[in-house]
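Input: a single structure, listed below in structure tokens.
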Amino acid sequence: MKIQCWMAGVVLAGALLLASGCANWDGYAGVDNLWRTADVPEWTPGETTADEVVKSLGPPSQLIPLHDETAYYYMREGKTGRGLMLLVWNMASQETKYDRAIFFFDAEGVLTTFSYSKEVLPH
């Protein structure tokens, strides 16, 4: 009887072990953060046009119409995570970072100001 209980315990422990697992993931979404490359042009408020920015960076993630300006919003999102999956208990965590650039243009399409996020993702 003791051997049968011991074997049942081993089988149960093995089944629990087989039913568990770990997971890791990472990925990126959004536009390529070309504003972080070494060959990005210098943006000059009052001179740079919206067409020049789009030619260098591609289409923005979002166009935001404002009262008398338009904002071009570029965003790259990076996610990394890990998890532990057991038969009766699961746990996972994920970290999300955003690398952003935003450009403001007047009604004629001339750059008024721009900014990059402090958070930097690899290009």
Quickly run through segment 104-122 and pick out the residues that are at pLDDT 90 or above, over 12 Å from ALA71 (Cβ atoms) and of a type in the set (Val, Ile, Thr). VAL110
If I filter segment 45-59 for residues that are of a type outside the set (D, E, K, R), within 15 Å of HIS123 (Cβ to Cβ) and part of a strand (DSSP E or B), do I get at least one hit? no
Of a type outside the set (Phe, Trp, Tyr) and under 30 Å from GLY21 (Cα atoms): which single residue out of LYS55, LYS79, LYS118 fits that description? LYS79
Filter segment 18-39 down to the residues that are surrounded by 13 or more Cβ atoms within 10 Å (Cβ to Cβ) and either among the hydrophobic types (A, V, I, L, M, F, W, C) or not in a helix (DSSP H, G or I) (or both), then identify the one that is farthest from the chain's Cα centre (by Cα). SER20
Could you list, in sequence order, the residues of segment 38-76 that are farther than 17 Å from ASP99 by Cβ and of a type in the set (D, E, K, R)? ASP39, GLU42, GLU47, ASP51, GLU52, LYS55, ASP68, GLU69
Among (1) open to solvent by 70 Å² or more (accessible area, probe 1.4 Å); (2) modelled with pLDDT under 90, where does ALA15 come up short? (1)
When restricted to PRO60, PRO65, the only residue at pLDDT 95 or above and exposed (fewer than 13 other Cβ atoms within 10 Å of the Cβ) is PRO65
Evaluation of ALA101 against (1) closer than 18 Å to ALA29 by Cβ; (2) at pLDDT below 95; (3) small (Gly, Ala, Ser) (one fails), failing number: (2)
Yes or no: segment 74-82 includes at least one residue that is open to solvent by 40 Å² or more (accessible area, probe 1.4 Å), part of a strand (DSSP E or B), under 21 Å from TRP35 (Cα atoms) and of a type in the set (Val, Ile, Thr). no
Looking only at segment 83-117, which residues are in contact (Cβ under 8 Å) with a residue 24 or more places away in the chain, open to solvent by less than 50 Å² (accessible area, probe 1.4 Å) and of a type in the set (Gly, Ala, Ser)? GLY83, ALA101, GLY109
Considering only residues that are under 13 Å from ASN33 (Cα atoms), in contact with an Asp or Glu (Cβ under 7 Å, 6 or more places away or on another chain) and of a type in the set (Ser, Thr, Tyr), which ones fall in segment 94-123? TYR98, SER117
Taking GLY46 as the residue in question, decide whether it is open to solvent by less than 40 Å² (accessible area, probe 1.4 Å), out of contact with any helix residue (DSSP H, G or I) (no Cβ under 7 Å at 6 or more places or on another chain) and not hydrophobic (A, V, I, L, M, F, W, C). no
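The values are calculated or read from the model by the stated rules, or taken from the named source; none is laboratory data. Bear in mind that the values here come from a model prediction, so they are computed numbers and not experimental data. Using ideal geometry, Cβ is built from the backbone for each residue, glycine included, and neighbour counts are taken over all protein chains shown. The protein model used for the area step is the full one, side chains on, heavy atoms only, and it has no ligands, DNA or RNA in it. Shrake-Rupley method; radii C 1.70, N 1.55, O 1.52, S 1.80 Å.
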